[in-house]
Every structure is written in C-alpha cells, then in structure tokens.
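Undergrad: Can you read through this structure? Questions will come right after.
The values are calculated or read from the model by the stated rules, or taken from the named source; none is laboratory data. For clarity, every value in this text was computed on a predicted model and none was experimentally measured. Ideal geometry is used to build each Cβ from the backbone, glycine not excepted, and the neighbour counts take in all protein chains shown. Keep in mind that these areas ignore ligands, DNA and RNA; they rest on the heavy atoms of the full protein, side chains included. Shrake-Rupley method; radii C 1.70, N 1.55, O 1.52, S 1.80 Å.
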Amino acid sequence: MTPAATPTPAPKSREIRALTGLRGIAALYVVFFHANGLHAFPSLVRPFVSHGYIAVDLFFILSGFVMAMTYGGLFENGFNFNNFKKFLLLRLARIYPLYILMTVITAVMITTVLSGTYHFDDNVLRALPYNLTMSHVWGLAYSIVPPSWSISTEWAAYLLFPVSIFVAMWLPRRYALLGVVAAFGILISVAYGPQWLTHHAHKGIGKLDVVHSYAPGTTLRCLAGFYIGLVAFRFRDLVPSRAAGICLPLALLLLCYKSNDVWLVAVFAGLIMSLSHDEGVIARLLQSRIAYWLGLVSFALYLVHDLVQKIILKSFPAWGIDLGLSKMTWVFVSVAISLGIAALAHYYYEKPSRVWARNLIKALESRTPVFSRATYAKVVSYVRSVAIRPTTPAE
C-alpha cells in the first residue's frame, strides 16, 4: 500500500456531535414520513415528507462511516476471528436489547389487543424466530416491527464487515473506489432495474424505497449505502467542512422531488464527510442541544414510533376515540408520545442494557476459558498416566 493510500483513522473515543445530531433529525424525518402514510399531510409539504424513506439510506451511509471510524482498525491486517467476534458482540450489545424488547411487545400486541386493527402479512409465530435472529428480511419473513427491516439488512452488513472494510480502508485506493462504482451500480439497478429485484409494480422510476422482505434489492440497498459510508470515512479529508453549506441545501432541494434518490445518496455522502470535521455553521446547528438529544434517542425513536402511530392513528379511530381533535392534531400527538416513550426507553432500558452487555463481554473476555490449552494439556496428561500405568506383577 502506498503512503498516499494509507487511511488515517480518527481516535475511537471521539464523538462527532454533528453526526449524532444529523442522525436525530433523520430519525424524526422517518417518523413524519410514516405518519404521512397513515394521514396525508397538507399538499404544500407532502412532496417533502413523502420522500422521508430516503432518510434510511442516510442511516446506512452514516452507519458505514461510523463503523469504519470505530472498528476499521480491527481488520487492518486481514481477517481475525477474535476481532470479528468482538465486533459482532459489541454491535449486539448496542442494538439487540431494545430490538428484541420491541419485537416481543409488538408481536404480543398485534396478536391480542390490536388484532382487529393491525394488519400483518405473515403468521406471527412463523415470523418470530426469523425476526428474533434479525434475519427476516433475507427472504425469510416480514418484519414484526416494520422499521426493523433496516436492522436486518444492517446485520447482514455487519456479517460482511471484515471483507468490506478491508477493501474500503486497507487496499490501495483504486480498489476502494472501484467498490464505490459497484455500489452505485447496485443502487441504480435497485432504482431503475427489473421488478424481481424490488417487487415494486412501479419499477424503473428512480426510487430506492425498497422494503420488501422477499426482494433482494432490500438488502442490496443497505449493503451499497453501507460500503459508500466506509469509503467516505477513508476520504473524508477531501471534503472540507464548508462543503456542508452546499450539500445540505442541495439535499433539501432534491428531497422535494422524486426520482432523485441515487443523486441524494451521493449528496448524503458528501454531507457526512463535511460534517465529520465537526466545524462550521451547519455542524454547530446539528450540535445544538435539541438536535443532539434527538440523536441520542434516535434508535429508540426509530423502533417505538411505528407501534405508537398505529395505535393512535388506526386503532383509536376504530375504537371511537377522537376527543374532538383533528387527524393532523393526532399526528403531532403521536410524534410527541413517540418522543416521550423513546426517551424513557433510551435512558431506562437501552442505555443500561448496553452498559450491562458490554460489561458482560469484558467479563467473558477476561475469564480463563474452561477448555484452554493448559486445561487440555492437563486432561491429556492425566488420561495418558492412567492409560499407561504399569500393572502389579502377578505373584
């Protein structure tokens, strides 16, 4: 590897607050997008809100960027099983406790109190094992928690991480850039390609909103965005912080029009690279207390909001609960309640469980294995001593 191609990883302990704020704003965007699917927003803002599905692609790029920053060094010298195991366990500690809780709660509720108003396209008992193992979107089952489709696809990205990070970070840059070309080729195929890739009736219109569990384009959409994020971290220094002043307005403009999704992915990558310096006006806005707090609770908000919205915007009307409020008022009530529940889930369950899981991982790593080499040698020595012990001569 030439010196010019050598990446310079950032310190693992450094948090980029602007990117945390960006993640929070994107999560809130997804919440309003799903609310728009249950109650149409005013026509003036509808084009912008209805494009909110593309925020998930921002998540994929951002996730790849952060994974490269945090764990890229683990595979600098190629595949190492212990490092790979450590990486997967740390990711499970981060996402699994709240994920499994919301999956179980949703499964129970849609088969009991919400059975008459919550439509699920699969048998819950059949789908539950695949959802619990986060493998459901790999053509196995529908998502019990609808937004969890992206978590299933990211789990696939984590399993492929040693290969993707080695290509993106530690091979000469020409190979990393060829991978970016391939990633955009995949996204173009998903946006404009054949119907079997997406299971969309409206194929070939440039949109990336592929969320079908049995469509290969769903997982490919994530893998492509995730890899672009990995490479974006490697080349982040090529995009200065002031570029955020161009990338953000351009992204907002493109979000008002459909069929710009592949272009938006490129703009998102540039925006993340520019914000990674944590400097400039846009970065300071995203570092604000509200935006940063949204980023902290974003994962919980992403998982809890769908169930809250289905109860308030679908079940309440069916149960005759309206309190004289307009449907649009109920939308904002659902957003506020989602934020409140997300905050409680984050501070009183997600964060403590993450700390507990990380401590458990550390304890397991420091414990001497039961079947260590030393133990194995002692057992073998004992067996041999018994097996070849000389017998007493007969008298």
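Undergrad: Consider region 21-66. How many of its residues are open to solvent by 10 Å² or more (accessible area, probe 1.4 Å) and over 23 Å from residue 257 (Cα atoms)?
TA: So the answer is 2.
Undergrad: Residues that are in contact with an Asp or Glu (Cβ under 9 Å, 6 or more places away or on another chain): list the helices (runs of 4 or more DSSP H) wholly contained in region 8-82 that include at least 2 such residues.
TA: In region 8-82, 17-38, 55-71 are the helices (runs of 4 or more DSSP H) which contain 2 or more residues that are in contact with an Asp or Glu (Cβ under 9 Å, 6 or more places away or on another chain).
Undergrad: Go through region 186-224 residue by residue and tally those that are outside any helix (DSSP H, G or I) and open to solvent by 10 Å² or more (accessible area, probe 1.4 Å).
TA: Adding up the residues that qualify gives 14.
Undergrad: Quick check on region 137-160. Is at least one of its residues touching a Lys or Arg at 6+ places or on another chain (Cβ under 8 Å), of a type in the set (A, V, I, L, M) and not in a loop (DSSP other than H, G, I, E, B)?
TA: no
Undergrad: Does region 75-94 contain at least one residue that is closer than 26 Å to residue 336 by Cβ, crowded, with 17+ Cβ neighbours inside 10 Å and either within 23 Å of the chain's Cα centre (by Cα) or modelled with pLDDT of 95 or more (or both)?
TA: The answer is no, given that none of the residues of region 75-94 is closer than 26 Å to residue 336 by Cβ, crowded, with 17+ Cβ neighbours inside 10 Å and either within 23 Å of the chain's Cα centre (by Cα) or modelled with pLDDT of 95 or more (or both).
Undergrad: State which residue is farthest from residue 134 (Cα to Cα) when the search covers only region 162-185 and only residues that are surrounded by 20 or more Cβ atoms within 10 Å (Cβ to Cβ) and in contact with a Gly (Cβ under 9 Å, 6 or more places away or on another chain).
TA: Per the criteria, the residue is 170.
Undergrad: Working only within region 309-354, note down all residues that are under 20 Å from residue 117 (Cα atoms), in a helix (DSSP H, G or I) and aromatic (Phe, Trp, Tyr).
TA: Selection gives 316, 330.
Undergrad: Please state which one of 238, 177, 223 is among the aliphatic types (A, V, I, L, M) and within 20 Å of the chain's Cα centre (by Cα).
TA: Criteria check complete, one pass: 223.
Undergrad: If you check 206, 229, which single one turns out to be within 27 Å of residue 275 (Cβ to Cβ), touching a residue at least 40 places away in the same chain (Cβ under 8 Å) and in contact with a Gly (Cβ under 9 Å, 6 or more places away or on another chain)?
TA: Testing whether each residue is within 27 Å of residue 275 (Cβ to Cβ), touching a residue at least 40 places away in the same chain (Cβ under 8 Å) and in contact with a Gly (Cβ under 9 Å, 6 or more places away or on another chain) leaves just 229.
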